[in-house]
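Asks: To start, I am sharing the structure in question, which I have written as structure tokens.
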Amino acid sequence: MTNHHNQNGTNNRESVVNSDVNSVDNIAANMGDTQYDVVIVGASVAGTAAAVFFARSGLRVALIERNREMKAYKKACTHYLQPFGVRVLKRLGVVEQLEAADAQPNGGRVWTKWGWFGNSAPSKKGHGYNIRREVLDPILRQNAAATPGVELFLGTAVRDLIVENDRIVGVRVNAPGKKVVDMRAKLVVGADGRYSRTAKLAGVTETVAPNNRFVYFGYYRNMPLKDGKAGQMWFQGESIGYAMPNDNGYTLLAAILPKTELATFKQDIEGNFKRFFETLPNSPNLHTAERNSKLLGMVDLPIVSRQTTMPGLALIGDAAVASDPLWGNGMSWALLAADWLTKLTKEALSSENTADLDAALRLYAEKHHASLADRLARDIDFAKVRPFNWIERLFYAASIHDLRYGSQTGPQNASLTNYRNWPSFKHIKGAAKILLQHKYNNLTQRVKPRSALGKSVFAD
Ligand SMILES: Cc1cc2nc3c(=O)[nH]c(=O)nc-3n(C[C@H](O)[C@H](O)[C@H](O)COP(=O)(O)OP(=O)(O)OC[C@H]3O[C@@H](n4cnc5c(N)ncnc54)[C@H](O)[C@@H]3O)c2cc1C
């Protein structure tokens, strides 16, 4: 079996790339019926993170990826990494490399009909990054390939699961050279994305909710934004736009519109994309900027969530939950899921007792559900395309005066479908008070210092 990490275990880009160019051709010759601790299907955000964390615990990991190229990357993405995802990237040890590759600290300004709120500089408390997948994915894959204990198999796709006594015990793969190989493992991890073949083969239960918006996006250079390097996001009626600076001078523009407008939009995609941005306040100038890509469209992005485990199997990343890309959470959830799974199962994987592993998998499933289910319910609610509810109207209006109403308890947190998702009464009262006070100030033309508005309801 070929081992694809470089000899000294360091993160030497050149030696990793070279060894993997060889690996695709050598895989078929070297693959045999081998026993691993873990086989991970998919070497993208979720799979590469899980591979590194498992291998660091001394486990033997096969990471299989259907793409033949080390530099393959996901095209359908708008590249927003959240601060909570970056915390996992730090532990993977790749943040310095991302910065060297010109990852842009993110954050930015949000516009609603009440005005702008948000920070024009990245938060000092911790920020995320924007970096194109073309740059990010190869860095993550090389990091995994360079980790002792990870064996990366490019050009290798799952075709079947091996099941014995109602337990998944491995995968049957199509390897390069049309070879079919069995790879056995204590645990198979499906990290193969939204359309997960692993999940389909396992027959896990799946819930699909509609997403009534579609998205078109493209890349521009020489596109100055209103607040320099700060990204911009607009909520214009039921449509959303964003302009996000990424690495190496690329700015990504995305238009996320209700599906009721799709047929008209498609009649003139280029023209309608431009016209949409022209309607937005302080939008960048699309006429003077240089476009560096076609406009890419994704017109059907339902919200998919799946049963995350069964005996011998765990799903992570989009394979477990693929939500509305509007909120830019998918990659960061993928990193979290990889982190949860590896922490909760690594000990059980070191023993031969499958009952221990099953118990650990149940803990992972519970953690995944407890952490993401409420947030998913809010995404599903907002993806219906509905007008802002009263909490959203209140908080967006208040955020103009105190941005924390937008960032901490804002619209994306305010689905009315479940009262558990509501902001606290203290925050609702605080938002109402700040608005009333500003109305009163406007009426009386008196401008009071902020301290006169009373003590902030937020813990600073
Ligand atoms: C339009 C759009 C915009 C988005 N914007 C953002 C954003 O701004 N921020 C954000 O965080 N998220 C965003 N997302 C979501 C983000 O792309 C995903 O959440 C993220 O890529 C999930 O990572 P993953 O590793 O789970 O799966 P993926 O990145 O989809 O990777 C799956 C991997 O599995 C491999 N694979 C698939 N099948 C097989 C097989 N049978 N055998 C072997 N390998 C296989 C694939 O080749 C791929 O490498 C967006 C999504 C879309 C559609």
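The values are calculated or read from the model by the stated rules, or taken from the named source; none is laboratory data. This one's a predicted model, so the numbers in the text were calculated from it and none came from an experiment. Because the Cβ atoms are built from the backbone with ideal geometry, glycine has one as well, and the counts that use them run over all protein chains shown. These area figures cover heavy atoms from the full protein model, side chains too; ligands, DNA and RNA do not enter into them. Shrake-Rupley method; radii C 1.70, N 1.55, O 1.52, S 1.80 Å.
Asks: For Lys125, list the aspartates and glutamates whose Cα falls under 14 Å from its own Cα; do not include residues on the same chain fewer than 8 positions away.
Replies: Asp460
Asks: Hey, can you rank 281-287, 173-179 by average C-beta count inside 10 Å, highest first?
Replies: The peptides rank, most packed first, as 173-179, 281-287.
Asks: Report Rg(Cα)/(2.2 N^0.38 Å) for the stretch 293-337, keeping two decimals.
Replies: Dividing the Cα radius of gyration by 2.2 N^0.38 Å gives 1.38.
Asks: In addition: For the stretch 271-305 and the stretch 130-154, what is the separation of their Cα centres, given in Å?
Replies: The stretch 271-305 and the stretch 130-154 have Cα centres separated by 29 Å.
Asks: Could you name the lysines whose alpha carbon sits less than 27 Å from that of Lys439, not counting residues in the same chain fewer than 8 places away?
Replies: The reachable lysines, counting only those whose Cα sits under 27 Å from Lys439, are Lys113, Lys426, Lys429, Lys448, Lys455.
Asks: Over 25 Å between Cα atoms: which of Lys124/Lys229; Lys75/Lys346; Lys75/Lys274; Lys266/Lys294 fall into that group?
Replies: Pairs exceeding the cut-off: Lys75/Lys346.
Asks: Same structure again: Which value in Å does the Kirkwood hydrodynamic radius of the stretch 154-231 take, with 1/r averaged over all unlike C-alpha pairs and then inverted?
Replies: Values: mean 1/r = 0.0606 Å⁻¹.
Value: 16.5 Å, from the Cα pair sum.
Asks: Then there's this: So if I take the alpha carbon set of the stretch 207-337, get Rg, then get Rh from the Kirkwood formula, what is the Rg over Rh ratio?
Replies: 1.03
Asks: Oh, and also: What angle do you read, to the nearest 10 degrees and between 0 and 90, between the alpha-carbon axis of helix 390-399 and the longest principal axis of the chain?
Replies: Helix 390-399 sits roughly 80 degrees off the main axis of the chain.
Asks: Of Val110, Val86, which has the most accessible area with a 1.4 Å probe, and how do the rest follow in descending order?
Replies: These residues rank, largest area first, as Val110, Val86.
Asks: Which angle between 0 and 90 degrees, to the nearest 10, do you get for helix 83-92 versus the longest principal axis of the chain when only C-alpha atoms count?
Replies: With rounding to tens, the tilt is 30 degrees.
Asks: At a 10 angstrom cut-off on C-beta neighbours, averaged per residue, how do the peptides 116-126, 394-404 rank from highest to lowest?
Replies: 394-404, 116-126
Asks: Counting Lys and Arg as +1 and Asp and Glu as -1, each charge on the Cβ, what is the dipole of the stretch 122-196 about the Cα centre in debye, to the nearest 20?
Replies: About 280 debye.
Asks: Find which of Leu187, Thr342, Gly155 sits farthest along the positive direction of the dipole of the chain, computed with +1 on the beta-carbon of Lys and Arg, -1 on that of Asp and Glu, about the Cα centre.
Replies: Farthest towards the positive end: Thr342.
Asks: With the radius of gyration and the Kirkwood radius both derived from the Cα set of the stretch 328-368, what is their ratio Rg to Rh? Spell out each step's value before the answer.
Replies: Values: Rg = 11.4 Å, Rh = 10.6 Å.
Result: Rg/Rh = 1.07.
Asks: Rounded to the nearest 20 debye, what is the charge dipole size of the stretch 55-176 about its Cα centre when +1 sits on each Lys and Arg Cβ and -1 on each Asp and Glu Cβ?
Replies: So the dipole magnitude of the stretch 55-176 works out to roughly 400 debye.
Asks: In whole angstrom, note down how far apart the Cα centers of the stretch 156-222 and the stretch 363-379 are.
Replies: Centre-to-centre distance over Cα atoms comes out at 21 Å.
Asks: Once neighbouring chains are kept in place and the probe is 1.4 Å, which whole percent of the accessible area of the stretch 272-426 is contributed by carbon and sulfur?
Replies: Looking at the stretch 272-426 in its full context, I get 55 percent from C and S.
Asks: Computed over the Cα atoms of the stretch 99-216, what is the ratio Rg over Rh, Rh following Kirkwood?
Replies: 1.11
Asks: Which whole-number percent of Cα pairs in the chain have a distance greater than 31 Å?
Replies: Result for the distance tail: 46 percent.
Asks: Out of Gln236, Tyr220, Ala209, whose Cα points farthest toward the positive end of the dipole of the stretch 187-267 (charges: +1 Lys, Arg; -1 Asp, Glu; placed on Cβ)?
Replies: Towards the positive end, the residue furthest out is Tyr220.
Asks: Report, to the nearest 10°, how far helix 269-278 tilts away from the longest principal axis of the Cα atoms in the chain, using its own Cα long axis and a range of 0 to 90°.
Replies: So the helix axis and the longest Cα principal axis differ by about 40 degrees.
Asks: Give me the orientation-averaged projected area of the Cα convex hull of the stretch 88-156, in nm², one decimal. Let's see the in-between values first.
Replies: Working: hull surface 28.2 nm².
Reported value for the Cα convex hull: 7.1 nm².
Asks: Using the heavy atoms of the protein chains alone and a 1.4 angstrom probe, what is the accessible area of the chain per residue in square angstrom? Display every interim value, and only then the final one.
Replies: Values: 20480 Å² over 460 residues.
Result: 45 Å² per residue.
Asks: Can you compute the charge dipole magnitude of the chain about its Cα centre, using +1 on each Lys and Arg Cβ and -1 on each Asp and Glu Cβ, nothing else charged? Give it in debye, rounded to the nearest 20.
Replies: Value, rounded to 20: 1760 debye.
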